[in-house]
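Trainee: Input: one structure, supplied below.
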Amino acid sequence: MKWPDVVSEETLGPEREEKRMERSWKIGDVKITQVVEMSVEIGELDGLIAEATPDAVKEIPWLYPDYANERGQTLWSVHSYVVDTSSAVVLVDTGCGNHKDLPLIPNWGGLNTAYLERLTEAGYAPEQIDYVLATHLHLDHVGWNTVLRNGRWEPTFPNARYTFVKDEFDYHEELTRGDTVSEDLEHAVEYAGADPDIHRQTRLVFAESIQPCVDAGLVDLVPENHVICDGVRYTSTPGHTKCHHSLTIESHGEVGFITGDFIHHPIQTARPGWSSRGDWDRALSADRRRTFLESAADSEILVFGTHFAGPSVGRIVRDGDTYKFVAA
Ligand SMILES: [Zn+2]
């Protein structure tokens, strides 16, 4: 597939609400299912990775057509992964949620998607979720933690332990008090050109998506690299946020890795040094990404991209003096 010479309007992008079938993969005995909340609208995240200009994107042929469109714009998705070990069901990252107040990215607020119905259709009713994890506490990773019932935000998964890394939780909770300057939020606000109060969004996310779970007694705060259950563990990958964690899944010698926003877009496998403008520490993010890619290259590790559009699961393969993402 090569970049087309002619750009046709009809092919420029998926609909916001994803209609495709849920898909599953196996890591040993563990089943991992992707549940999509929405496709990001074309252009909505243009410039989030500053170096990824259309011309620069078009220099990487394998991005087309799944990860970039005909115009060299990057494509993105918001989805969860359900990790089913047969003794526990773990939901990793819960999207934006419905009816949330998101002044930082207004288009992602006030959604009304059928995410929960899709989760249930995939075989996982809310009552069956044992653990809810967040790679980090940004608005598009904790939204479905709660649902609005009779004007109140209530935990969506009544039988789950919402298991968050303590340092990540504490950092964001501190931001809600408004006396800490957050570089990642400053970058995000500068990028979005949106809400002038950089703490307001964090306060809203906490109030709507996190505090109700705390109040219900469902939250466990755990140390870095915590083992969630047999074969599933948090894996420290700081940079996007101060205490960002990816997820490592191991079963019968096979390994899976759920990126979170550690690798925000597949383009960062070809250009590991290109960090997101929303990153807390762009240099750290780039450094850790290079180390991971080097260790994963040409291995059997199956990488599950958290915002990768199209085929979002694949392997890291050496490509000259850099890497590429090859869908499984
Ligand atoms: Zn994200």
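Trainee: Assuming R0 = 22 Å, what is the FRET efficiency of VAL317 and THR53, from their Cβ-Cβ distance, to the nearest 0.05?
Mentor: Efficiency computed from Cβ-Cβ geometry: 0.35.
Trainee: In nm², what is the average projected area of the convex hull enclosing the Cα atoms of the stretch 9-327?
Mentor: 15.1 nm²
Trainee: Also: Given a 1.4 Å probe and every protein chain left where it sits, what share in percent of the accessible area of the stretch 9-327 is carbon and sulfur?
Mentor: That share works out to 48 percent.
Trainee: Please go through the residue pairs LYS31/LYS58; LYS31/LYS242; LYS100/LYS166 and name each one whose alpha carbons sit more than 32 Å apart in this structure.
Mentor: LYS31/LYS58
Trainee: Have a look at GLN73, GLN128, GLN34 and tell me which one the Gaussian network model of the chain (Cα, springs below 10 Å) gives the largest fluctuation.
Mentor: GLN128
Trainee: With the dipole of the chain worked out from charges on the C-beta (+1 for Lys and Arg, -1 for Asp and Glu) around the Cα centre, which of VAL89, MET38, GLY72 lies farthest toward the positive end?
Mentor: VAL89
Trainee: Same structure, new question: Among DSSP beta bridges lying fully in the stretch 9-327, give the percent that are antiparallel, nearest 5.
Mentor: That works out to approximately 75 percent antiparallel.
Trainee: With r as the distance between the Cβ atoms of ARG149 and GLU254 and R0 = 30 Å, compute the FRET efficiency 1/(1 + (r/R0)^6) and round to 0.05.
Mentor: 0.15
Trainee: Still on this structure, I have one more. Measure off 7 Å from each Cα along the Cα-to-Cβ vector at VAL227 and ALA283, then give the distance between these two points in nanometres to one decimal.
Mentor: Label at VAL227, label at ALA283, 3.6 nm between them.
Trainee: Calculate, for the stretch 62-146, the solvent-accessible area per residue in square angstrom, rolling a 1.4 angstrom probe over the heavy atoms of the protein chains.
Mentor: Here the per-residue accessible area is 28 Å².
Trainee: Could I ask something else about it? Through the Karplus equation 6.51 cos²θ - 1.76 cosθ + 1.60, θ set to phi - 60°, convert the phi angles of the stretch 87-100 into ³J(HN,Hα) values in whole Hz; use x for Gly and Pro.
Mentor: Here the 3J(HN,Hα) series is 9, 8, 10, 10, 9, 10, 6, 10, x, 8, x, 8, 6, 7 Hz.
Trainee: Once every DSSP H run of n ≥ 4 in the chain is given -39500 (n - 2.57) and the sum is divided by its residues, what mean residue ellipticity at 222 nm do you get, rounded to the nearest 500 deg cm²/dmol?
Mentor: -5000 deg cm²/dmol
The values are calculated or read from the model by the stated rules, or taken from the named source; none is laboratory data. Nothing here was measured: the structure is a model prediction, and the numbers come from that model. Using ideal geometry, Cβ is built from the backbone for each residue, glycine included, and neighbour counts are taken over all protein chains shown. The protein model used for the area step is the full one, side chains on, heavy atoms only, and it has no ligands, DNA or RNA in it. Shrake-Rupley method; radii C 1.70, N 1.55, O 1.52, S 1.80 Å.
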